[in-house]
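These notes concern the structure reproduced below.
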Amino acid sequence: MDAKRVLEIEDLHVSFDTYAGEVKAVRGVSLHVDAGEVLAIVGESGCGKSVTAQTIMKLNPMPPARIAGGSVRLGEHDIVAASDKEMQKIRGREVSMIFQDPMTCLNPTTPVGKQIVEAITLHRKLSRAEARARPSAAFGR
């Protein structure tokens, strides 16, 4: 049985146009994630981890950012071709991101699970009980 492909990135190239010229931030990234899998991306500072993640969510301001090549598919969505309006529907509902400095995006006085449930109830229009079941189901617990 083939697992459902959740994310597929093929030969992704992302550049930034700066006053000093083109900065090639991501060069040839390819990966995929199937349903039920967890992927960790590790590497040295400046290697393109954040730009890759931000490109999946199409959060890099264009310009100066530019997807110079490759493809990003999130489920049935072609992220490279998606409009801003389409991305607003996708973000939070189908894909989310916790940024590198969690102190600025997560409340340290509130349990993380509660904050995840809040996001799910907002984007999925579910009751708190239904939303509480979602994170556990996603991780097989």
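The values are calculated or read from the model by the stated rules, or taken from the named source; none is laboratory data. Please read all numbers here as calculations on a predicted model, not as lab measurements. All Cβ positions, glycine included, derive from the backbone under ideal geometry; neighbour counts span all protein chains shown. Side chains are part of the model used for accessible areas, which takes the heavy atoms of the whole protein and leaves out ligands, DNA and RNA. Shrake-Rupley method; radii C 1.70, N 1.55, O 1.52, S 1.80 Å.
Some values worked out for this structure:
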{"quantity": "One residue from ASP17, ASP11, ASP34 being of a type in the set (D, E, K, R), open to solvent by less than 50 Å² (accessible area, probe 1.4 Å) and modelled with pLDDT of 90 or more", "calculated": "ASP34"}
{"quantity": "Positions within segment 20-31 being of a type outside the set (A, V, I, L, M, F, W, C), farther than 20 Å from GLU76 by Cβ and open to solvent by 40 Å² or more (accessible area, probe 1.4 Å), in sequence order", "calculated": "GLU22, LYS24, ARG27"}
{"quantity": "Any hit, segment 16-26, residues being among the acidic types (Asp, Glu), more than 21 Å from ILE98 (Cα to Cα) and free of Cβ contacts under 8 Å to residues at least 40 places away in the same chain", "calculated": "yes"}
{"quantity": "Inter-residue pairs, beta-carbon under 8 Å, first among the basic types (Lys, Arg) and in segment 66-86, second open to solvent by 70 Å² or more (accessible area, probe 1.4 Å) and in a strand (DSSP E or B), 6+ apart", "calculated": "ARG66/ASP17; ARG73/ARG5"}
{"quantity": "Selected residue [modelled with pLDDT under 90 and within 23 Å of ILE120 (Cα to Cα)] from MET97, MET62, MET1", "calculated": "MET97"}
{"quantity": "Where ALA81 falls short, out of the listed (1) modelled with pLDDT of 90 or more; (2) open to solvent by less than 60 Å² (accessible area, probe 1.4 Å)", "calculated": "(2)"}
{"quantity": "Those residues of segment 111-125 which are at pLDDT below 75 and not in a helix (DSSP H, G or I), in sequence order", "calculated": "LYS125"}
{"quantity": "Failed item, numbered, when LEU74 is tested on (1) open to solvent by 90 Å² or more (accessible area, probe 1.4 Å); (2) closer than 30 Å to ALA129 by Cβ", "calculated": "(1)"}
